[in-house]
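The values are calculated or read from the model by the stated rules, or taken from the named source; none is laboratory data. This is a predicted model, so every value here is computed, not measured. Using ideal geometry, Cβ is built from the backbone for each residue, glycine included, and neighbour counts are taken over all protein chains shown. Side chains included, ligands, DNA and RNA excluded: accessible areas come from the protein's heavy atoms. Shrake-Rupley method; radii C 1.70, N 1.55, O 1.52, S 1.80 Å.
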Amino acid sequence: MKRLPFIAGNWKMNKTVEESLDLVRGLKVSLQGIEDVEVAIAPPFTALYPVSQELKGSSIHLASQNLFWEEKGAFTGEISPMMLKEIHCQYAIIGHSERRQYFGETDETVNRRIKAALRYDLKVIFCIGETLNEREEGKTFSVIERQVEGGLKGLGEKEARDIVIAYEPVWAIGTGKTATPQQAQEAHRFIRQKIERLYSGGISEGIRIQYGGSVTPENSKGLMNQEDIDGALVGGASLNAESFSRIVRFKEI
Ligand code: PEP
């Protein structure tokens, strides 16, 4: 099955509003005419609304980097799916390893956030991946399996259609140490097979699995050429219009 490649940029805690608008304007120019790749960007919360205005009429999608599972109430510092929907977010990144590592995110809280996003019609980029220790101890597949089962718990086929999985080995994020295309393909295949065991109805063939971890214009093509790699979640290289658009244009390399 042919899956539409999907490249998303996670800006993390970078860019003021002005800087975000500059970057979006640059991307609108450098990504003009791109139709065979879906593109999304995830600016910091403060820039989401102004960026959504700047993206009007563009095919670039808007994503949040997180959300909380309640609609409203006494949850100081949190942002609800309803609020994100109101400002035209189409995607939410959930379960990023930095959230798991620094902010106590667990498989259970990831699952609650995914369910809340889907309730509000936000599609989800669901992040999973093993740490270096886990890989060295031979636990890569068991960790990935636990994360997939935990994050997708209670979700039916209809909901699974709105999920994109991002496989991001933690040791490759922001380190300049990319997984080889073969290492990434092996993990992606395993994830797809796991999805096949969990869902019928062609979900496993249709679900897109992005690779994340030090993706650059130089290594993107080799990764994207792998059978089960359907896109990339890009951190550092998404902060610059030229490098991000070169990744999006991987087919032209
Ligand atoms: C990420 O933030 O999801 C990521 C993969 O970061 P980087 O590309 O900088 O490794």
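Overview of values
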{"read-out": "Protection proxy ranking, peptides 6-19, 101-114, 122-135, average beta carbon neighbours within 10 Å, highest first", "value": "122-135, 6-19, 101-114"}
{"read-out": "Pairs of alpha carbons in the chain whose separation is greater than 27 Å (percent)", "value": "31 percent"}
{"read-out": "Close Lys-Lys pairs in region 1-121, where close means Cα under 19 Å and separation is 8 or more or interchain", "value": "6"}
{"read-out": "Mean separation of Cα contacts under 8 Å, 6 or more apart, over the residue count of the chain: relative contact order %", "value": "21 percent"}
{"read-out": "Per residue, in Å², the accessible surface of the chain once ligands and nucleic acids are set aside, probe 1.4 Å", "value": "46 Å²"}
{"read-out": "Burial order of peptide ranges 228-235, 80-87, 41-48, 195-202 (average beta-carbon count within 10 Å, highest first)", "value": "228-235, 41-48, 80-87, 195-202"}
{"read-out": "Percent carbon-and-sulfur accessible area, the chain, ignoring ligands, DNA and RNA, probe 1.4 Å", "value": "50 percent"}
{"read-out": "Calculated from backbone phi, Karplus (6.51, -1.76, 1.60) coupling profile of region 63-70 in Hz, x at Gly/Pro", "value": "10, 8, 8, 5, 6, 9, 8, 8"}
{"read-out": "Most fluctuating residue given options S220, S243, S142, as computed from a GNM of the chain linking Cα atoms under 10 Å", "value": "S142"}
